[in-house]
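Below is one structure; the comments refer to it alone.
The values are calculated or read from the model by the stated rules, or taken from the named source; none is laboratory data. Values in this document were obtained by computation on a predicted structure and should not be read as measured data. All Cβ positions, glycine included, derive from the backbone under ideal geometry; neighbour counts span all protein chains shown.
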Ligand code: SF4
């Protein structure tokens, strides 16, 4: 176990503040995104006998309501960092702004420890911003930085100003995330398994969670019971990377539980489902259990990209899965298929073919632009072309990487692919 684990495990009787920082980016959409790792950690801290406070800069700035409990946070136009000069797009601060953030901190009792999370590597601007403001208000309070950016870019995260950085997997010991820290939260989150048994070249799942494991149905039930005590929650999102693995013993039993106890809740799978697992029975389970938003991982019909994607689904399996889902009761508009764009040396014709293939079956395409994630083999390949990726996590940003940073595509080509997907 790491030093950080022992340090946290020894805390008792302390006041601990958890912070989900604002996001600096060109765009931000709430895909049922909550800082799940931090929320588990805060629950663990509570179970150890500490008092916890929580400040979610995205949630606290919620503005326009979207479907199924989601919100778009407020945004302010900010200056682009140097790495993005020359990119003709606006850049924003999403979430609580300076004055609001500082006044929330000032209104709190001084904590003994601050835990700050981080998500995308290229969102570090918001993380560093939050740490510097915390330092201003609580100069003597130690700050621990955890989350994905800290894990994947520990060398860069040192410049954040945090006192400790989470560099390794932290086996957090809590039965559920502390979702009750959101006052009147609109949706819950559920992770019934950790990691993924596959190993796609571009994915960080294996780095962040080296082994795949599924939780017991009793644990899942406990987690749902806890979150659904919040009466305003009407939606719940699965965070699993491999929800349908061993489906007879895992997912179907969770569906039975949901149908028995939680049929009033709508469920969503923002992470793509493994299409090869969706036979008729599985499609019926998904529909009858009330899974409303279904995302399917196809990625590509191009053999080279399929090889980089663990050969997880063939054309025929995809075709059958779509048929099964439609026969179970889904409309095509409920079923979005991920198509990957902008991998190193990816053939643009392969992308066009994939989009046309999905559309020929009546499917809805959701394009996903490649982000070079440190530690993956696709990142190593991308480094050959863009060595600066090593020093500057802003360059990992998927919304501009393939069209402005790697030069894999011209901006006009990317637009053409997006238009084709929308047509
Ligand atoms: S199947 Fe999905 S979660 Fe698993 S390694 Fe591939 S991309 Fe990652």
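Per the listing 54, 26, 7, 68, the residue uniquely buried (at least 19 other Cβ atoms within 10 Å of the Cβ) and touching a strand residue (DSSP E or B) at 6+ places or on another chain (Cβ under 8 Å) is 54. Of all the criteria given as (1) modelled with pLDDT of 95 or more; (2) closer than 25 Å to residue 198 by Cβ, the one not satisfied by residue 390 is (2). So for segment 243-251 (the condition being within 19 Å of residue 34 (Cβ to Cβ), at pLDDT 95 or above, buried (at least 20 other Cβ atoms within 10 Å of the Cβ) and within 14 Å of the ligand (Cβ to nearest atom)), does at least one residue qualify? Among the residues of segment 243-251, at least one is within 19 Å of residue 34 (Cβ to Cβ), at pLDDT 95 or above, buried (at least 20 other Cβ atoms within 10 Å of the Cβ) and within 14 Å of the ligand (Cβ to nearest atom), which makes the answer yes. Checking segment 193-201 against the condition returns no match, with no residue being surrounded by fewer than 23 Cβ atoms within 10 Å (Cβ to Cβ) and over 24 Å from the mean Cα position of the chain (by Cα). Note on segment 112-179: enclosed helices (runs of 4 or more DSSP H) holding 2 or more residues that are farther than 21 Å from residue 46 by Cβ and in contact (Cβ under 8 Å) with a residue 60 or more places away in the chain are 124-137, 148-152.
Among the residues of segment 189-212, is any in a helix (DSSP H, G or I), out of contact with any strand residue (DSSP E or B) (no Cβ under 8 Å at 6 or more places or on another chain), away from the ligand (no atom under 11 Å from the Cβ) and not assigned by TED's automatic domain parsing to the domain that holds residue 46? Checked segment 189-212: no residue is in a helix (DSSP H, G or I), out of contact with any strand residue (DSSP E or B) (no Cβ under 8 Å at 6 or more places or on another chain), away from the ligand (no atom under 11 Å from the Cβ) and not assigned by TED's automatic domain parsing to the domain that holds residue 46. Answer yes or no as to whether residue 329 is touching a residue at least 40 places away in the same chain (Cβ under 8 Å), in contact with a strand residue (DSSP E or B) (Cβ under 9 Å, 6 or more places away or on another chain) and on the phi > 0 side of the Ramachandran plot. It is false that residue 329 is touching a residue at least 40 places away in the same chain (Cβ under 8 Å), in contact with a strand residue (DSSP E or B) (Cβ under 9 Å, 6 or more places away or on another chain) and on the phi > 0 side of the Ramachandran plot. Within the option set 411, 393, 387, being more than 24 Å from residue 315 (Cα to Cα), in the same structural domain as residue 208 (by TED's automatic domain parsing), touching a helix residue (DSSP H, G or I) at 6+ places or on another chain (Cβ under 6 Å) and loosely packed, with under 15 Cβ neighbours inside 10 Å holds for one residue only, 411. Look at (1) without any contact (Cβ under 8 Å) to a residue 12 or more places away in the chain; (2) over 23 Å from the mean Cα position of the chain (by Cα); (3) farther than 20 Å from residue 82 by Cβ and you find that residue 387 fails only one, number (3).
Being surrounded by fewer than 18 Cβ atoms within 10 Å (Cβ to Cβ), assigned to a helix (DSSP H, G or I) and under 25 Å from the mean Cα position of the chain (by Cα) is a property that holds for residue 276.
Considering segment 213-242, the residues that are within 16 Å of the ligand (Cβ to nearest atom) and crowded, with 19+ Cβ neighbours inside 10 Å include one that is farthest from the chain's Cα centre (by Cα), namely 214. Screening 270, 210 for residues that are at pLDDT below 95, more than 26 Å from residue 179 (Cβ to Cβ) and under 18 Å from the mean Cα position of the chain (by Cα) leaves exactly one candidate, 210.
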